[in-house]
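*Asks:* Take a look at this one; I'll ask things after.
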Amino acid sequence: MAFNRADYVKIKKEYESKRQKARDTVELHRAQVFAKIPGMDEICRTIESAGPRAYEAAMKDASSFDEHFAEIKRQTQSLVAEQTRLLLEHGYPEDYLDLHYDCPLCRDEGNIDGKMCDCMRKALIKAGYVSSGISGLCDKMNFDTFDLSYYTGEARRNAELVLRSARRFAEEFHGEGSGSLLFMGGTGLGKTHLSVAVAKRVIERGYYTHYCTAEAMFSDYRAEKYRRFDDDSPVRTDKYTECELLVIDDLGTESGGRDVTPTLYGLVNARINTGLSTIISTNLSHKEMMTTYDERVASRLFGEYLPYMFTGSDVRMQKLRN
Ligand SMILES: [Zn+2]
């Protein structure tokens, strides 16, 4: 499980600033309360020194530690009661001097005993939807919203098979070595829908995923190729070679250019060689793949990717008619 590294760094920083904010708030509250309630300063410091005093007592004379500990505990409890009474008497909430965290489980650390806390996992998933490029799509395009009723007869049986396979791919995805898929078939048959659905589920399961249209991807490669020497913005194409699952939608609809075939071959090859998974959806047939790109690209895709043929009649057109 890797999530998106940039998301992780960003969220870790947010957590640190939340904890700092909580500490600053307590400092502010203490200053207010100490200024207003005489003796509160002393009470707080005595409560806070209970731990060190108990430790000191244990170091000095282990035989009488129990006795000392009981005394320190009794005194602390009575001071805490006094502190609460004074806070309420002066119109403050009783927890006014306590640290407050968004997540009391991990105290906004993001992990508990070295394990990622649920709050952190949720934050990473939410950030993953955005950074992967599917945030605007995944509410509508997920496994639950894939409607089989738009397919009939043989196309229905085929759609059921493709849906089942895509779901299994997403559920069994385990990073490197999970294989790659090729979604083929005409426009409006659900290729984008299932590509996004897989991406969403794989993000939820904690993997670094990126979704893009072929057009956007080639345009990034082009921008990178003509990058100015003094441009120090992050490299736009790193995500295509680094993410654990890359989804390239609508291959074949990109504007052509001499660089398209070598770029695609280089990327497909690099991802196969490093064991990283890719899902490519395309309207192109095997033959069109050979003419649009070249034989090497077609043979890599058809040799290494598991192909699924989408059949039926255009779902988008059916939705418009209904
Ligand atoms: Zn937490």
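Just so it is clear, none of the values below were taken in a lab; they were calculated from the coordinates. Bear in mind the structure is a predicted one, so any value in this text is a computation, not a measurement. Ideal geometry is used to build each Cβ from the backbone, glycine not excepted, and the neighbour counts take in all protein chains shown.
*Asks:* Within 10 Å, at most 13 other Cβ atoms, and a DSSP state outside H, G, I, E, B define an exposed site. Report the longest part of the chain free of exposed GluC sites (Glu not before Pro).
*Replies:* The segment 177-322 is the longest one with no such site.
*Asks:* Does the range 219-322 come out rounded, prolate or oblate by the C-alpha gyration tensor, with a ≥ b ≥ c the root eigenvalues, rounded set by a/c under 1.5 and, if not, prolate when a/b is larger than b/c and oblate if not?
*Replies:* Numbers: a/c = 1.84, a/b = 1.50, b/c = 1.22.
Prolate shape, in that a/c is at least 1.5 and a/b is the bigger ratio.
*Asks:* Follow-up question, since we're still on this one. Where does the range 5-115 land on Rg/Rh, using Cα atoms and the Kirkwood Rh?
*Replies:* Values: Rg = 18.0 Å, Rh = 16.6 Å.
Taking Rh as the inverse mean 1/r over Cα pairs, Rg/Rh reads 1.09.
*Asks:* Moving on. Can you work out ³J(HN,Hα) from phi for every residue in the range 313-320, in order, using Karplus 6.51 cos²θ - 1.76 cosθ + 1.60 and θ = phi - 60°, giving whole Hz and x for Gly and Pro?
*Replies:* Along the range 313-320, the couplings run 10, 2, 5, 5, 5, 4, 5, 5 Hz.
*Asks:* In the chain, what cysteines have no partner Cβ closer than 4.7 Å?
*Replies:* Unpaired cysteines in the chain: C44, C138, C212, C243.
*Asks:* Would you kindly give the portion of the calculated P(r) for the range 133-321 that falls above 25 Å, as a percent of all Cα pairs?
*Replies:* Numbers: 6046 of 17766 pairs.
Counting pairs separated by more than 25 Å, the tail of P(r) holds 34 percent.
*Asks:* Each label point is 7 Å from the Cα along the Cα-to-Cβ direction; what then is the distance between the points at E109 and E215, in nm?
*Replies:* With each label placed 7 Å out from Cα toward Cβ, I get 4.9 nm.
*Asks:* Once the Cα atoms of the range 37-79 are picked out, what are the Rg and Dmax in Å?
*Replies:* Spelled out, the Cα radius of gyration and Dmax of the range 37-79 are 11.5, 39 Å.
*Asks:* Right, next: Given 4 °C and 1.567 mPa s, how large is the Stokes-Einstein diffusion coefficient of the chain in µm²/s, with Rh as the Kirkwood radius over Cα pairs? Walk me through the numbers before you get to the answer.
*Replies:* Numbers: Rh = 24.3 Å.
For the chosen part, D equals 53 µm²/s.
*Asks:* Right, another one. Please give the calculated 222 nm ellipticity per residue for the chain, where each DSSP H segment of at least 4 residues contributes -39500 (n - 2.57) and the sum is spread over every residue; nearest 500 deg cm²/dmol? Display every interim value, and only then the final one.
*Replies:* Working: 13 runs with 181 residues, N = 322.
Taken over the chain, the calculation gives -18000 deg cm²/dmol.
*Asks:* Further question on the same structure: For the range 80-214, rounded, prolate or oblate, judged on the Cα gyration tensor with a ≥ b ≥ c (square roots of eigenvalues), a/c < 1.5 rounded, else prolate if a/b > b/c?
*Replies:* Values: a/c = 3.82, a/b = 2.91, b/c = 1.31.
Here the range 80-214 falls in the prolate category.
*Asks:* What three numbers, in Å, describe the spread of the alpha carbons of the range 101-154 along their principal axes, ordered from the longest?
*Replies:* Cα extents, longest axis first: 54, 20, 17 Å.
*Asks:* Continuing with this model, one more query. Give me the one-decimal nm value for the distance between modelled label points at S313 and R5, 7 Å along each residue's Cα-to-Cβ direction.
*Replies:* For the pair S313/R5, the computed spacing is 5.0 nm.
*Asks:* Still on this model: Name the longest site-free stretch of the chain, where the excluded sites are chymotrypsin sites (Phe, Trp or Tyr not before Pro) in a DSSP loop with no more than 16 other beta-carbon atoms within 10 Å. List each step's numbers first, then the result.
*Replies:* Numbers: sites that count: Y101, Y226, F229.
By the stated rule (loop sites, at most 16 other Cβ atoms within 10 Å), 102-225.
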